[in-house]
Every structure is written in C-alpha cells, then in structure tokens.
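**Student:** Sharing a structure, written as structure tokens. Questions coming.
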Amino acid sequence: MLEVRARHAAATAKQVHARLRLPFDLRQKSRLRAKLESGEEVAIALPRGQVLRGGDLLLAQSGEVIEVVAETERVMDAACASPEALARIAYHLGNRHVAVQLANGAIRFAADAVLRKMVEGLGAQVTEIDAPFEPEAGAYAPHHRHDESGHGGRIHEFK
C-alpha cells in the first residue's frame, strides 16, 4: 500500500504515477484510505484543515506522484433572473452552512431535495447534473488558483 504524507508542489503532469479519484466529502478528510484508479490502495495522512482539489499532486513516501481527480457527483446548479435573486439564494444557502461553488451567475451545491425546494421557492431555476464539485474554500481558508501547467489544484468552472 502506498503511503502519502505530503503534497508535491514541484512535480509535473508527466511525472504522475497514478490518479486518485475522490468526491468532495472525501477530499475534505486529512486521514483516509482509498483506492487509486489502478485499484492499488493508498493511505493518506496530511496536515489537518487542508482540502484536496482536483489537480493537486501528492507524494507517496516511496516517491510516486499521485494526482487527485475531483470525482463526478450529483450536484444542483441554481440560476436566477437577477443578481439580487442569486445573492438572496447565496445568503440562504450560507445561512445553512451549505458548501457552494460559484461561477457565471449560478450557484452549484450537492444535490439535496430540501435545498432544491428552498431555492426554487426563492425563484431559481435548478438543474440537477453529474459534475465535479469544487466549492469555495471559505472566508478563513487560503485562497489560491493554480495555473494550467499541471501544478496544483484546479477549480472547475461551470456554465
């Protein structure tokens, strides 16, 4: 079993040995056991409080570089006719501590029938889809976007 205790900031995509596909709820954990796409097991023990993003590179203790892939999961995209209506929906989702991803006049959140009913009641048009989920890091978390050179995580935009 591979053991991971660190991120790898200097690796390139060409050095990737394996891929680890995880949904957002598992990418929030600092300690977990999982299987790589190849079926090989991996044990991850990273510093607490760090979220893995799609595109992040991890370094196994034996030297292999592992790329994190944001797993496709069931999400809802809420769009509104006005910025004010969208802000109102963002407020109500935030008031419930719902993780959200923002892009181009829409809000993405994990599929949930109760939340869908609430945001539709506030005037949103909701589309349920399968897509990677990369919610905002939060007000007190480090904010960084990575370039497309293969280094670091990528926040997935949506339409």
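**Student:** Within the stretch 19-31, which residues are at pLDDT 95 or above, outside any helix (DSSP H, G or I) and not basic (Lys, Arg)?
**Tutor:** 20, 22, 23
**Student:** Okay, moving on. Would you tally the residues in the stretch 32-54 being within 18 Å of residue 132 (Cβ to Cβ) and outside any loop (DSSP other than H, G, I, E, B)?
**Tutor:** 1
Results for (1) closer than 18 Å to residue 52 by Cβ; (2) in a loop (DSSP other than H, G, I, E, B); (3) at pLDDT 95 or above, shown as yes or no for each residue.
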{"site": "119", "(1), (2), (3)": "no, no, yes"}
{"site": "126", "(1), (2), (3)": "no, no, yes"}
{"site": "136", "(1), (2), (3)": "yes, yes, no"}
{"site": "157", "(1), (2), (3)": "no, yes, no"}
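**Student:** Continuing with this model, one more query. Residue 52 versus (1) crowded, with 20+ Cβ neighbours inside 10 Å; (2) in contact with a Gly (Cβ under 6 Å, 6 or more places away or on another chain): which is the lone unmet condition?
**Tutor:** (2) is the only condition that residue 52 fails.
**Student:** Got a sec? Which of 115, 59 is at pLDDT below 95, crowded, with 16+ Cβ neighbours inside 10 Å and not in a loop (DSSP other than H, G, I, E, B)?
**Tutor:** Sole residue among the options that is at pLDDT below 95, crowded, with 16+ Cβ neighbours inside 10 Å and not in a loop (DSSP other than H, G, I, E, B): 59.
**Student:** Take the residues of the stretch 83-110 that are surrounded by 15 or more Cβ atoms within 10 Å (Cβ to Cβ) and of a type in the set (D, E, K, R): which is nearest to residue 137 (Cα to Cα)?
**Tutor:** 108
**Student:** Could you please find all residues in the stretch 55-70 being touching a residue at least 60 places away in the same chain (Cβ under 8 Å) and either among the aromatic types (Phe, Trp, Tyr) or more than 25 Å from residue 131 (Cα to Cα) (or both)?
**Tutor:** Result: 62, 64.
**Student:** How many residues, within the stretch 33-49, are surrounded by 15 or more Cβ atoms within 10 Å (Cβ to Cβ) and in contact with a Ser or Thr (Cβ under 7 Å, 6 or more places away or on another chain)?
**Tutor:** Of the residues in the stretch 33-49, 1 are surrounded by 15 or more Cβ atoms within 10 Å (Cβ to Cβ) and in contact with a Ser or Thr (Cβ under 7 Å, 6 or more places away or on another chain).
**Student:** While we're looking at this one, here's another question. Applying the selection to the stretch 66-123, what residues are within 30 Å of residue 8 (Cβ to Cβ), touching a Leu at 6+ places or on another chain (Cβ under 8 Å) and not hydrophobic (A, V, I, L, M, F, W, C)?
**Tutor:** 67, 71, 108, listed by residue number.
**Student:** Does the stretch 100-109 contain any residue that is touching a residue at least 12 places away in the same chain (Cβ under 8 Å), outside any helix (DSSP H, G or I), of a type in the set (Gly, Ala, Ser) and touching a strand residue (DSSP E or B) at 6+ places or on another chain (Cβ under 7 Å)?
**Tutor:** yes
**Student:** Restricting the first residue to the stretch 10-32 and requiring it to be surrounded by 15 or more Cβ atoms within 10 Å (Cβ to Cβ), which pairs with a second residue that is among the basic types (Lys, Arg) meet a Cβ separation below 6 Å and a spacing of at least six or different chains?
**Tutor:** From the stretch 10-32, no pairs qualify.
The values are calculated or read from the model by the stated rules, or taken from the named source; none is laboratory data. Since we're looking at a predicted model, the values are computed, not measured. All Cβ positions, glycine included, derive from the backbone under ideal geometry; neighbour counts span all protein chains shown.
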